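Notes follow the structure.
We did not get these values from a lab; they are worked out from the coordinates using the rules stated. Source: prediction; values computed, not measured.
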């Protein structure tokens with residue numbers, strides 16, 4: 001197989017990869033590591049995919065933020081960190097994190113904390129509160145909001 005045919009084959013593989021679900025350029029580059037192509041060819045594939053609409057960072061971030069918040073129940077800190085790992089710009093990350101409804105965000109945290117609280121066997125309120133705080137921070141919620149929610153629980 002000559003180099004041009006191999007490049008076209010890899011480009012088609014990348015298009016199918018992007019066609020299955022939203023992908024960012026980081027995800028595609030990671031997928032392309034498996035194939036024996038040059039860095040210039042990888043950049044060319046990324047540019048081609050962006051031009052044809054297979055990759056759109058804003059569309060990807062919008063879907064990522066929505067899915068991780070609604071389905072995984074992640075907080076803004078965890079979502080932001082996951083996107084930064086994928087080399088998404090802070091500007092785009094912040095734009096779509098701000099689309100999360102504040103009331104829905106707080107309600108999600110409250111529900112998570114109440115559910116976790118009902119599962120804890122700890123009797124000491126101080127230890128219980130510390131455990132809930134660690135749990136909520138591991139989910140990526142902000143310290144001040146966690147404090148407010150825990151105060152509302154009156155532990």
Open item on the list: If Rh is defined by the Kirkwood formula over all Cα pairs and Rg also comes from Cα, what ratio Rg/Rh do you get for region 102-153?
Closed with: 0.94
Open item on the list: Which three numbers, in whole Å and largest first, are the semi-axes of the equivalent ellipsoid of the chain derived from its Cα gyration tensor as √(5λ)?
Closed with: 43, 15, 11
Task: Helix axis angle, 102-119 relative to the chain longest principal axis, alpha carbon, degrees - done: 60
TODO: Beyond 11 Å, what share of the Cα-Cα pairs of region 58-97 is found? Please give it as a whole percent.
DONE: 56
- [ ] With everything on Cα atoms, drop me the angle between helix 76-85 and the longest principal axis of the chain, reported from 0 to 90° to the nearest 10.
- [x] 20
Task: Volume per residue of the C-alpha convex hull in region 3-55, rounded to whole Å³ - done: 66
Open item on the list: With a cut-off of 8 Å between alpha carbons and a minimum separation of six or more residues, what is the relative contact order of region 17-155 in percent?
Closed with: 24
